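This report refers to the structure that appears directly beneath it.
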Amino acid sequence: MSAPAIELEGLKKSFGLAEIIRGIDLSIDKGERHAIIGPNGAGKSTLFNLITGKYQATEGAVKLHGDRVETLKPFQINRRGLSRSFQITNIFPRMSVFENIRCGLLWTTGYKYSFWHLVDRQPELTEKADEILDQINLLGRRNDLAGVLTYAEQRALEIGITIAGGADIVMLDEPTAGMSHSETDYIVRLIRQVTENKTLVVVEHDMGVVFDLADRISVLVYGEIIASDTPENVRANEKVQEAYLGSVLEEAH
Amino acid sequence: MSTMEQTSTRSGATAGSVLPALVPWAAAALLLIALPFVFQTGSSLTIMNQMAITIIFALSYNMLLGQGGMLSFGHAVYMGLGGFFCVHIMNWVEYDELYLPLPLLPLFGGLFGLFFAVLIGSFSTRRAGTVFAMISLGVGELIAACSIIIVAFFGGEEGVSGDRTMGPEFAGLDFASQQEVYYLTAAWLLLSAAAMYLFSRTPIGRIANAVRDNEERAEFLGYSQRHVRFISFCASGFFAGIAGGLFAINYEILTEENLNLVTSGGILLMAFLGGVGFFIGPIIGAIVFTLLQTVLGLYTEIWALYVGVLFVLTVMFFPAGLTGLLAIHIQPIRTGKIGYLYAPYAKMFLPVIAFILSAAAVLEILFHARHAGVGEEEMTLFWFTFNSQSAMPLIVALAILAGSFYLLRRFAPELREAWDEASHVESRR
């Protein structure tokens, strides 16, 4: 049995005196679709930033495929096959949609810091980028500036950039935030399609999306995971009901 | 206007014919070859040489500012150091300590610029933004100060000088004439500009844009923002060094002035004036600036004031620079709506000219009245000769200024309307 895709051991993070993440143990298997839910301020985004190298953990370990990575920088973690999206749309607004995707491709296709290739003369690069544009339904917007896309299109582009490099672990931070129902449906379908056979970790507020998408759900409350189980068991869990889900599910009805 | 020369947005056409891409370069080559036949005097050759050197320097500067989002206040250092090194090489060649044909000299200027860029970039590119800007300022002042102290290399206040003609002949040329130097400079200009353009189309060039736009995102795509900035910085230092080598060949002397803040600030000004968002922006900026400096400098002592005003107006009203001002017309031309603009432009033309000339007249009259020597009360301005101490000329100039300003204000709404009309695009979906 191979090592889990992501493993957290006794992970803690403090900002000054405030302890935001208070000791998290979590293991996410290869190919799993894992959702992290919890009330605002529970530390979901901080946890994301710890795993992806944006923040350094105060204590504990982060392992990718069994290797410790908690001291690595974001670009080093990305090179190990983990890619993430952002809660606030984080694209290259002054570049074309096509170029946004191509930038996501350059490292993993082996161009790295090359200054002896011309990007426009690499047919396989162009082809691959167009393929991804087709997948995320933005082929028609190929040559437009990313900054002028609609919000939903930008969110799709965000996911496109994230998966372009072919990372086997994909982490999405609130992919449906601020979307209408139909847009949400579209994005969920897109996520399903582009993360097939990959490990997916998603932070999400929309419980419909979470229960629809996830194989397992972890509930994060005040920097601790109070439950980590299948959707059915999490829904039935009393502690979860009390701390979080009860109120959310009621609101939803 | 999302396409055309705007470097940041030009998207990848698939590998196809190379021919269309070569047209502008062939045209530029022809222009460079033809120019000396049109402008034959020594002074115009000097101006063109200066322009060519400044263009290379400005393009190298824009690799930092426009392409990489790094605001440098000390870019003259790399051009200056490259230049100093080249003058020393020139002297070694003169005393037969070294064999090097003159045309290859700028390459060594580039390598020396690159060497220092590696040295200084290794710590200055750690952070972008204000930190980078402050370090560049500090290093720039440091090296300018060093140049006065380290006399052995920089020659103290009088600088170091050499003689380009003392080297081995190259294809029968000894580079004693301005014209030969011009063609040498022009060849390096074409080569450097093409290399810098191609650099912007490589993976590292594209990622430099990405880091400029959103450094955090680039990090999560496998790129170290620091490495990306460092590589751009080194490339930029290399081309600045080439400009320095050409400077050494042209002027045969380098002084502290080539390293200091004035030169560094000047190149920032040129890049902005031309437009940092476009590859050709710095070229236009360098040409306009050099023309103002040399040609306007012949006619008025306060040319720097006009350049300053032009710069401030550009930054305030056309942040995309002169190239941006031209580029916004591309879309109306494409959609065939440029016609809406003809009438308002024609109406504005005379008032604009009157406004600029009368404003300049006011400044010139005041300047002359205050600074002319005793008894030199007569001045000639725009073919009129008058007494600068009397009130009448000033009153006339002010009246024209006020009148043209009034007309401009009156016509402005019409122009704005025409613009809205011309830039309106029918929704595509």
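Put +1 on the Cβ of every Lys and Arg and -1 on every Asp and Glu Cβ in the range B:267-407; which of B:L292, B:A360, B:A343 then has its Cα farthest towards the positive end of the dipole?
B:A343
Over chain A, what is the relative contact order in percent, taking alpha-carbon pairs closer than 8 angstrom and at least six residues apart? Before the final figure, lay out each step's value.
Values: 457 pairs, mean separation 65.0, N = 253.
Once normalised by length, the contact order is 26 percent.
Under the rule of -39500 (n - 2.57) per DSSP H run of 4 or more residues, summed and divided by the residues of chain A, what mean residue ellipticity at 222 nm is obtained, to the nearest 500 deg cm²/dmol?
So the helix-based figure for chain A works out to -9500 deg cm²/dmol.
Take every DSSP beta bridge whose two residues both sit in the protein assembly as shown, then give the antiparallel share in percent to the nearest 5.
Values: 29 of 45 bridges.
So the antiparallel bridges amount to about 65 percent of the total.
What is the distance in Å between the Cα centroid of the range B:324-361 and that of the range B:387-404?
If you average the Cα positions of each part, the centres end up 26 Å apart.
How crowded by other chains is A:117-125, given as the mean number of beta carbons from other chains within 10 Å of each beta carbon?
Taking the mean over all residues of the peptide, I get 6.
Between the range B:190-224 and the range B:151-168, what's the alpha-carbon centroid distance in Å?
37
Cα axis of helix A:97-106 to longest principal axis of chain A: angle in degrees, 0 to 90, nearest 10?
The angle comes out near 80 degrees.
Net charge near A:Y111: determine it from the other residues with C-beta under 10 Å of the C-beta of A:Y111, scoring Lys and Arg +1 and Asp and Glu -1. Write out the running numbers ahead of the final one.
Details: positive: A:R102, A:K112, B:R206; negative: none.
Residues near A:Y111 contribute +3 overall.
Quick check on chain B: helices-only [θ] at 222 nm, where DSSP H runs of length 4 and up contribute -39,500 (n - 2.57) each and the sum goes over total residues. Nearest 500, please.
Theoretical 222 nm ellipticity from helices: -22500 deg cm²/dmol.
Please order A:I132, A:I187 by the number of other Cβ within 10 Å, starting at the fewest.
Exposure proxy ranking, most exposed first: A:I187, A:I132.
Cα-Cα over 31 Å: which of A:K12/A:K128; A:K13/A:K128; A:K44/A:K198; A:K30/A:K73; A:K30/A:K54; A:K44/A:K128? Let's see the in-between values first.
On the way: A:K12/A:K128 39 Å; A:K13/A:K128 39 Å; A:K44/A:K198 21 Å; A:K30/A:K73 22 Å; A:K30/A:K54 22 Å; A:K44/A:K128 33 Å.
In this structure, A:K12/A:K128; A:K13/A:K128; A:K44/A:K128 exceed 31 Å between Cα atoms.
Evaluate peptide B:197-204: per residue, the Cβ atoms of other protein chains within 10 Å of its Cβ; return the mean as an integer.
Neighbouring Cβ atoms belonging to other protein chains average 6 per residue here.
Would you mind counting up the charge near B:F386? Only other residues with Cβ under 10 Å from its Cβ, with Lys and Arg at +1 and Asp and Glu at -1.
Working: positive: none; negative: B:E377, B:E378.
Computed value for this residue: -2.
Please give me, ordered by residue number, the chymotrypsin sites (Phe, Trp or Tyr not before Pro) of the range B:362-429 that lie in loop per DSSP and have at most 12 other Cβ atoms within 10 Å.
Of the chymotrypsin sites (Phe, Trp or Tyr not before Pro), the ones in loops of the range B:362-429 whose Cβ has at most 12 other Cβ atoms within 10 Å are B:F382, B:W383.
Could you tell me whether the protein assembly as shown comes out rounded, prolate or oblate from its Cα gyration tensor? Rule is a ≥ b ≥ c as square roots of the eigenvalues, rounded for a/c under 1.5, then prolate if a/b exceeds b/c, otherwise oblate.
Judged from the Cα gyration tensor, the protein assembly as shown comes out prolate (a/c at least 1.5, a/b above b/c).
Using only Cα atoms, locate the centre of the range A:79-96 and the centre of the range B:253-279, then give the distance between them in Å, rounded to an integer.
Measuring centre to centre over Cα atoms gives 34 Å.
Compare the Cα positions of A:G147, B:A369, A:T58 along the charge dipole of the protein assembly as shown (+1 at Cβ of Lys, Arg; -1 at Cβ of Asp, Glu; about the Cα centre) and return the one farthest towards the positive end.
After comparing all options, I get A:G147.
Using 5 Å bins from zero, what percent of all Cα-Cα pairs in the range A:131-253 falls into each bin?
Percent of Cα pairs in each bin: 2, 10, 20, 20, 17, 13, 9, 6, 3, 1, 0.
Looking at the range A:135-225, which chymotrypsin sites (Phe, Trp or Tyr not before Pro) are in a loop (DSSP not H, G, I, E or B) and have at most 16 other Cβ atoms within 10 Å?
Taking the range A:135-225 and a limit of 16 other Cβ atoms within 10 Å, the loop chymotrypsin sites (Phe, Trp or Tyr not before Pro) found are A:Y222.
Would you mind giving the mean number of other chain beta-carbons within 10 Å of the Cβ of each residue in A:99-111, as a whole number? Walk me through the intermediate numbers first.
Values: counts 8, 5, 0, 6, 13, 6, 3, 9, 6, 2, 1, 1, 5.
Mean shielding by partner chains, rounded to a whole number: 5.
With the Cα gyration tensor of the range B:215-368 giving a ≥ b ≥ c as the square roots of its eigenvalues, does the rule (a/c under 1.5 for rounded; else a/b larger than b/c for prolate; else oblate) give rounded, prolate or oblate?
Here the range B:215-368 falls in the oblate category.
For the range A:1-88, rounded, prolate or oblate, judged on the Cα gyration tensor with a ≥ b ≥ c (square roots of eigenvalues), a/c < 1.5 rounded, else prolate if a/b > b/c?
In terms of gyration-tensor shape, rounded.
Using DSSP to call loops (not H, G, I, E or B), can you name the GluC sites (Glu not before Pro) in the range B:68-169 whose Cβ has at most 12 other Cβ atoms within 10 angstrom?
B:E97, B:E169
Since every read-out is calculated from the coordinates, none of them should be taken as a lab result. Just so it is clear, the structure is predicted and the values come from calculations on it, not from any experiment. Heads up, the Cβs are rebuilt from the backbone with ideal geometry, glycines too, and the neighbour counts pull from every protein chain shown.
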